[in-house]
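A.B. asks: First the structure, then my questions, so here it is.
The values are calculated or read from the model by the stated rules, or taken from the named source; none is laboratory data. Values in this document were obtained by computation on a predicted structure and should not be read as measured data. With ideal geometry, Cβ positions are generated from the backbone for all residues, glycine too; neighbour counts draw on all protein chains shown.
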Amino acid sequence: MSFLQAVNMDKIPSHVALIMDGNGRWAQAQGKSRMEGHVAGVETVRRITKAARRIGIRYLTLYAFSTENWGRPQEEVSALMGLLVKCLHNEMPLFMENGIRLRVIGQTEVFGPDVRAAMQEALDKTAANDKMDLVLALSYSARWELVRAARQIAEEAKAGTLAPENINADCINRHLATAFMPDPDLLIRTSGEQRISNFLLWQIAYSELYFSPVYWPDFDEEKFYEAVADFQQRDRRFGKIHSENPHKA
Ligand code: FPP
């Protein structure tokens, strides 16, 4: 049976976040260059974006480039930037045909002018699309995001526009790069590694975690739907005794 049939269309997660890991190891295992791994990884991005859209996932967040990834060899960083620009251009028909709005979270000021221009163009062109938000985490890390939020909150408190007693979870949410969307219901990481790597630390407080053993280029629709079906079997209690499903309580 196809895993698409195993997906319960009445219980689709609203937000799925993905740590796309294993491009380099996939390439190495096949005697290919790391960049060939990233190029194959872009194919998977396209596949999973379509698969997510097909079942009505509203927000899909991809960890595409972490703050720490700047520490990779210069050639890999530049090649990844080139790939990103090419992708933003080439994937425009996919975004437009599927009603996909592109969003970016991260420290985008640090990108070169060509990357920033390509990003801005893609953001502007897709701004009115409303079926799914594809959120690229670029030059993103959760600690960067939390430090930025703390600074903004401190500035507002200092200026007298925010009273310390009004600093609560909602206030912090509003100062995060992800303020426009709900927390992830499901976080998937590929490649068998079982860690979070500075991704959405605040937002995944109650997310379900799913670790797939396959490298990102080998992650396909079936495996994605398998992860969603697995998520749908989980009993989310959010720290309480009763399940989120009132009928099950
Ligand atoms: C992890 O594999 C992947 C990345 C750091 C980049 C992910 C990028 C893409 C899928 C391409 C689309 C995004 C851009 C920015 C063009 P890895 O290199 O960490 O693999 P390894 O752990 O096996 O070395």
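A.B. asks: Looking only at region 180-224, how many residues end up being surrounded by fewer than 20 Cβ atoms within 10 Å (Cβ to Cβ), aromatic (Phe, Trp, Tyr) and touching a residue at least 40 places away in the same chain (Cβ under 8 Å)?
C.D. replies: So the answer is 2.
A.B. asks: Here is a further query. Looking only at region 1-59, how many residues end up being basic (Lys, Arg), more than 20 Å from VAL135 (Cα to Cα) and assigned to a helix (DSSP H, G or I)?
C.D. replies: 2
A.B. asks: Right, here's the next one. I'm trying to understand the selection: among the residues of region 12-46, which are out of contact with any Gly (no Cβ under 8 Å at 6 or more places or on another chain), away from the ligand (no atom under 11 Å from the Cβ) and within 20 Å of PHE211 (Cα to Cα)?
C.D. replies: PRO13, SER14, HIS15, VAL16, ALA17
A.B. asks: Select, from ASP218, ASP170, the only residue that is away from the ligand (no atom under 16 Å from the Cβ) and over 17 Å from the mean Cα position of the chain (by Cα).
C.D. replies: Within the list ASP218, ASP170, the selection yields ASP170.
A.B. asks: I'd like to check something: does region 128-144 contain any residue that is closer than 19 Å to ARG46 by Cβ and more than 16 Å from the chain's Cα centre (by Cα)?
C.D. replies: Checking region 128-144: at least one residue is closer than 19 Å to ARG46 by Cβ and more than 16 Å from the chain's Cα centre (by Cα).
A.B. asks: Among (1) touching a Phe, Trp or Tyr at 6+ places or on another chain (Cβ under 8 Å); (2) within 11 Å of the ligand (Cβ to nearest atom), where does ALA6 come up short?
C.D. replies: (2)
A.B. asks: Within region 225-246, which residues are touching a residue at least 12 places away in the same chain (Cβ under 8 Å), among the hydrophobic types (A, V, I, L, M, F, W, C) and loosely packed, with under 13 Cβ neighbours inside 10 Å?
C.D. replies: PHE238
A.B. asks: Return yes or no: is ALA51 surrounded by 17 or more Cβ atoms within 10 Å (Cβ to Cβ), modelled with pLDDT of 95 or more and over 18 Å from the mean Cα position of the chain (by Cα)?
C.D. replies: no
A.B. asks: When region 71-89 is examined, which residues are found to be in a helix (DSSP H, G or I) and within 11 Å of the ligand (Cβ to nearest atom)?
C.D. replies: Selection gives GLU76, VAL77, ALA79, LEU80, MET81, GLY82, LEU83, LEU84, VAL85, LYS86, CYS87, LEU88.
A.B. asks: Restricting attention to region 26-54, which residues are charged (D, E, K, R) and under 30 Å from PRO13 (Cα atoms)?
C.D. replies: GLU43, ARG46, ARG47, LYS50, ARG53, ARG54
A.B. asks: Within region 147-176, can you find the residues that are in contact with a helix residue (DSSP H, G or I) (Cβ under 8 Å, 6 or more places away or on another chain), surrounded by 11 or more Cβ atoms within 10 Å (Cβ to Cβ) and not β-branched (Val, Ile, Thr)?
C.D. replies: Of everything in region 147-176, those that are in contact with a helix residue (DSSP H, G or I) (Cβ under 8 Å, 6 or more places away or on another chain), surrounded by 11 or more Cβ atoms within 10 Å (Cβ to Cβ) and not β-branched (Val, Ile, Thr) turn out to be ALA149, ALA157, LEU162, CYS171, HIS175, LEU176.
A.B. asks: Considering region 1-55 alone, what residues qualify as being among the small types (Gly, Ala, Ser) and within 20 Å of MET92 (Cβ to Cβ)?
C.D. replies: Hits for region 1-55 are GLY41, ALA51, ALA52.
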